[in-house]
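Below is one structure, written out as structure tokens; comments come after it.
The values are calculated or read from the model by the stated rules, or taken from the named source; none is laboratory data. Model, not experiment: these values are computed from the prediction. Neighbour counts are summed over all protein chains in view; Cβ atoms, including those assigned to glycine, are modelled from backbone coordinates with ideal geometry. In case anyone asks, the SASA skips ligands and DNA or RNA and just uses the protein heavy atoms, side chains included. Shrake-Rupley method; radii C 1.70, N 1.55, O 1.52, S 1.80 Å.
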Amino acid sequence: RRDPRMSLCIDDPIGGDYVTAYGRAEIIEDATVKERTLALIRKYRVEEDVLPHWERIKEDRVILALRPDSLVWRAW
């Protein structure tokens, strides 16, 4: 909250490719957090594990949305 600057790096340690985004974070703390998080969980978990996973992680949940100002990447 004090400093909204944020960076996010996604890399492939085997291939050496990466992308880093730099920008400002928006903290989302409203009623949409649960549904947005459930949608993300559904991408990586089978449906029967979605709500149990939510129950394990829901405490004080917020979403950080990165608004990128610049990108740096390397792709071979």
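Please work out which one of (1) in a loop (DSSP other than H, G, I, E, B); (2) under 17 Å from the mean Cα position of the chain (by Cα); (3) among the aromatic types (Phe, Trp, Tyr) is the condition Trp76 fails and give its number.
Failed condition: (2).
Can you tell me which residue in the range 11-25 is nearest to Ala75 (Cα to Cα), limited to those that are charged (D, E, K, R) and over 16 Å from the mean Cα position of the chain (by Cα)?
Asp17
What about Ser7, is it surrounded by 13 or more Cβ atoms within 10 Å (Cβ to Cβ), outside any loop (DSSP other than H, G, I, E, B) and of a type in the set (S, T, N, Q)?
yes
From the list Arg24, Arg67, Arg74, Arg1, which one is modelled with pLDDT of 95 or more and open to solvent by 90 Å² or more (accessible area, probe 1.4 Å)?
Criteria check complete, one pass: Arg24.
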